[in-house]
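The block underneath contains the structure these notes are about, expressed in structure tokens.
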Amino acid sequence: MGKRIAIIGGGNLGTAIAEGLLKSKFSKPADIIITKRNTSTLKLLKEKGVEISDDNSAAVKKSEVIILAVKPFQVDEVLNGIKKELSIDKILISVVTGVLIGEIEGIVKKNISYFRAMPNTAIAIQESMTCICSKDADNSTTKYVNELFSTLGKVVTIDEKLMEAATILAACGTAYAMRYIRANIQGGIEIGFDAATASIIAAQTVKGAAELLLQKGTHPEQEIDKVTTPKGCTIAGLNEMEHQGFSSSLIKGIMTSYLKIAKD
């Protein structure tokens with residue numbers, strides 16, 4: 001898309017974003033610069049033509065888009081180190097968990113476009129669910145940021161007040177889905193499959209079920225109705241799961257996680 005992108009923080013998330021932008025061809029290697037104190041861990045990106053640096057300020061100065069991908073406790077120090085290079089023509093995108101746009105703006109104290117994005121770990125394979133909110137951004141800038149993260153998976157725009165909820169549903173949700181798949185594998189082994197085969201069947205089945213909803217826009221119950229025949233094995237199994245509290249325990253788990261993040 002032509003803009004020079006600086007990724008401040010070359011940890012797991014920062015490098016995943018860089019890899020995704022390259023794989024999708026959203027950015028050329030020469031249009032990305034990524035920073036980290038220990039740059040030796042970024043040699044694979046360097047071999048692909050991405051500029052590697054340990055100088056945050058210099059990276060921001062030569063870039064139009066800045067993606068802040070550091071730890072929450074580093075935000076204050078890092079922003080204070082780069083804010084003099086931030087100007088009205090730059091876009092600042094934070095992917096830092098739990099740090100509000102207002103807190104970032106309070107440090108930077110400049111009239112620029114602020115974005116906050118919450119991706120999940122599937123960003124490493126360009127299948128993230130990323131939730132985005134913004135402040136002081138025009139339509140063209142918002143479109144650009146949405147297109148950037150759309151190359152890394154699905155994108156929804158939300159109010160910032162829902163960011164904690166988005167963390168639970170999209171980020172923690174990955175762990176919830178993994179736990180369901182693990183249980184499915186264990187059940188598969190009990191009914192006769194070896195672990196490797198059960199793993200493939202369970203993962204692909206969940207992937208297929210999700211794609212049905214995403215591509216067809218249907219409600220889960222509509223798809224469930226298609227595989228639950230009268231007196232059949234599917235409805236018998238579903239009913240037993242519900243008797244054991246399947247849906248209730250999942251909802252309670254989501255609420256427990258949300259109350260935890262809201263409290264902290």
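Here are the numbers for the structure shown:
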item: Residue-normalised accessible area of the chain, expressed per residue, 1.4 Å probe, Å²; result: 58
item: Cα centroid separation, the range 106-131 to the range 154-175 (Å); result: 11
item: Helix-only mean residue ellipticity at 222 nm for the chain, each DSSP H run of n ≥ 4 adding -39500 (n - 2.57), per residue, nearest 500; result: -15000 deg cm²/dmol
item: Accessible-area ranking of Glu190, Glu211, largest first, probe 1.4 Å; result: Glu190, Glu211
item: Taking the convex hull of Cα positions in the chain, its mean projected area over all directions (nm²); result: 16.5
item: Net dipole in debye of the range 1-103 [+1 Lys, Arg Cβ; -1 Asp, Glu Cβ; about Cα centre; nearest 20]; result: 320
item: Probe 1.4 Å, all protein chains present, accessible-area order of Leu92, Leu169, Leu213, largest first; result: Leu169, Leu213, Leu92
item: Principal axis dimensions, largest first and in whole angstrom, of the range 62-101 by Cα; result: 26, 16, 15
item: Net dipole in debye of the range 111-264 [+1 Lys, Arg Cβ; -1 Asp, Glu Cβ; about Cα centre; nearest 20]; result: 140
item: Per-residue SASA entry for Met178, accessible area with 1.4 Å probe, Å² rounded to 10; result: 120
item: Alpha-carbon centroids, the range 32-80 and the range 223-262: separation in whole Å; result: 43
item: Glu47 paired with Ala196, simple spin-label distance in nm, labels 7 Å along Cα-to-beta-carbon; result: 2.7
item: Solvent-accessible surface (1.4 angstrom probe) belonging to Thr256, in square angstrom, nearest 10; result: 90
item: Within a Gaussian network of the chain (alpha carbon springs, distance under 10 Å), most fluctuating of Thr141, Thr121, Thr197; result: Thr197
item: Shape parameters for the range 95-140, alpha-carbon atoms, Rg then Dmax in Å; result: 12.4, 35
item: Net charge of Cβ neighbours under 15 Å - reference Ala59; Lys, Arg +1; Asp, Glu -1; result: +4
item: Förster radius 25 Å - calculated FRET efficiency between Tyr180 and Phe73 (Cβ-Cβ, nearest 0.05); result: 0.15
item: Accessible area in the full protein assembly, largest first, 1.4 Å probe, for Leu21, Leu162; result: Leu162, Leu21
item: Shape of the range 177-260, Cα gyration tensor, a/c cut at 1.5; result: rounded
item: DSSP bridge orientation in the chain - percent antiparallel, rounded to nearest 5; result: 15
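The values are calculated or read from the model by the stated rules, or taken from the named source; none is laboratory data. Please read these numbers as outputs of a predicted model, since none were measured by experiment. Cβ: placed from backbone, ideal geometry, glycine included. Neighbour counts: every protein chain shown. Note: areas computed on protein heavy atoms with side chains; ligands, DNA, RNA excluded. Shrake-Rupley method; radii C 1.70, N 1.55, O 1.52, S 1.80 Å.
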